[in-house]
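The values are calculated or read from the model by the stated rules, or taken from the named source; none is laboratory data. Keep in mind that this is a model prediction, so the values were computed, not measured. We place every Cβ from the backbone using ideal geometry, glycine too, and count neighbours over all the protein chains shown.
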Amino acid sequence: MKIRNINQKDSKDLFEWRNNYESRKMSFGTKKITLEEHEKWFKESIKSPNKNFYIGEYNGIKIGVCRFEFDKKKNISETSININPDERGKGYGKKLLINAIKTYLKNKSCILIAKIKEDNIISLQLFNSAGFLVTKKVQGTIYMELKNKLIFKKVDSKDALTLYDLLKKRNYSISHEVLPDFKNHKKFVEKNPYLYWYILSLNGKAIGTFYIKDDNSIGINTNEPTKEIIKEILDFILDNFSPKKGIPSEIPNYFFINVSPNNRLLKDIVSSLGYIPLQVSYKIIRS
Ligand SMILES: CC(C)(COP(=O)(O)OP(=O)(O)OC[C@H]1O[C@@H](n2cnc3c(N)ncnc32)[C@H](O)[C@@H]1OP(=O)(O)O)[C@@H](O)C(=O)NCCC(=O)NCCS
């Protein structure tokens, strides 16, 4: 989906989308607005330094608009979205919201909130799937805030496609030299050879996985490792699981993490968190 800034030519679409019955029902000002009122508001809004509007386009069709209104004093931006009534229910809302947030936060560091009517179940679900959590409820209005928090979800067979996409994007791999085909990958997911296996999502997007095997080894796969993310994963593991009892000369009585030797970034992060390297493993085959 293409995300672009709004321009004068979008005024008519915004007017129509705004006056759509469902949009009015779900917005806080429910009455129909006149073209004159709209044009005045639009002209002022696109000039305002504290308002940002992004239009989502897909195959040349305008999908909808995502709006951010910045309150400088509080360093908070209120986020709202309105999808072209002809394009609703096709999964575009989630894509537009996530991509518009990404674009907006490239140039701004602020808290994002949303105010949603309690009966707007689709919107509540949409913001939640983009990483917003409920902070309060006041007289039928739900307040949500974007939490840059990792969400940990146990892998199940429905995750095969998401895991395959992650696998395709993986830069470093210890055990896969070639990408398995989807059928074999699906079988692997269904069999789930790990003791624990989780998908990690950040702001509604799957960004990696971790697993724990019954020899107490941990594997972390993410192409976006940061110190904060790796710390959160390792803390989650230490808070929620205990290592299996060790077996002398076979299984240590602590967790350990395997890192691909090419994955310098992850090695540096794990070291910077104060964890001590144990050994380097070499592959021994006849050359
Ligand atoms: C609310 C709105 C933004 C959602 O956008 P959308 O493109 O229609 O929604 P999506 O197709 O991306 O779906 C978002 C989620 O809601 C679910 N959903 C969509 N339509 C649904 C319906 N009619 N019934 C139940 N669930 C529905 C989807 O399954 C999806 O959930 P998932 O992420 O768990 O799969 C859009 O319908 C809209 O513009 N409504 C009017 C204005 C409005 O309410 N704005 C929000 C105020 S901030």
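Can you tell me which residues in segment 260-271 are touching a residue at least 40 places away in the same chain (Cβ under 8 Å) and not in a loop (DSSP other than H, G, I, E, B)? Answer for segment 260-271, where residues must be touching a residue at least 40 places away in the same chain (Cβ under 8 Å) and not in a loop (DSSP other than H, G, I, E, B): LEU265, LEU266, ILE269, VAL270. Restricting segment 34-46 to residues that are surrounded by 15 or more Cβ atoms within 10 Å (Cβ to Cβ) and hydrophobic (A, V, I, L, M, F, W, C), the residue that is farthest from ASN120 (Cα to Cα) is ILE46.
Evaluating PRO193 against the criteria (1) in a loop (DSSP other than H, G, I, E, B); (2) outside the structural domain of PHE255 (by TED's automatic domain parsing) leaves one unmet condition, (2). Checking ASN258, ASN262 one by one, the residue that is surrounded by 11 or more Cβ atoms within 10 Å (Cβ to Cβ), at pLDDT below 90 and not acidic (Asp, Glu) is ASN262 and no other.
Condition first: surrounded by 17 or more Cβ atoms within 10 Å (Cβ to Cβ), more than 12 Å from the ligand (Cβ to nearest atom) and more than 20 Å from GLY64 (Cβ to Cβ). Now tell me which residues in segment 133-146 satisfy that. Quick ask: steps written out before the conclusion?
If we filter segment 133-146 for residues that are surrounded by 17 or more Cβ atoms within 10 Å (Cβ to Cβ), which is where we start, we get 142, 144-146.
Of the ones still in play, those that are also more than 12 Å from the ligand (Cβ to nearest atom) are 145-146.
If the condition is that a residue be surrounded by 17 or more Cβ atoms within 10 Å (Cβ to Cβ), more than 12 Å from the ligand (Cβ to nearest atom) and more than 20 Å from GLY64 (Cβ to Cβ), then GLU145 is the only one that fits.
Applying the condition of being within 24 Å of LYS72 (Cβ to Cβ) and part of a strand (DSSP E or B) to segment 99-132 and asking which residue is farthest from the ligand (Cβ to nearest atom) yields ILE111. I'd like to check something: does segment 54-75 contain any residue that is among the aliphatic types (A, V, I, L, M), within 12 Å of the ligand (Cβ to nearest atom) and closer than 23 Å to LEU133 by Cα? For segment 54-75, residues among the aliphatic types (A, V, I, L, M), within 12 Å of the ligand (Cβ to nearest atom) and closer than 23 Å to LEU133 by Cα: present.
Tell me, yes or no, whether segment 60-67 has at least one residue that is outside any strand (DSSP E or B) and surrounded by fewer than 16 Cβ atoms within 10 Å (Cβ to Cβ). The answer is yes; a qualifying residue exists. As a summary of the residue check, GLY274 satisfies the conditions (1) touching a residue at least 12 places away in the same chain (Cβ under 8 Å); (2) part of a loop (DSSP other than H, G, I, E, B) except for the one numbered (1). Of the residues ILE220, ILE257, ILE230, the single one that is under 26 Å from LYS149 (Cα atoms), β-branched (Val, Ile, Thr) and in a helix (DSSP H, G or I) is ILE230. Considered as a group, the residues in segment 86-97 that are part of a helix (DSSP H, G or I), closer than 23 Å to ILE142 by Cβ and not basic (Lys, Arg) include one that is nearest to the ligand (Cβ to nearest atom), and that residue is GLY93.
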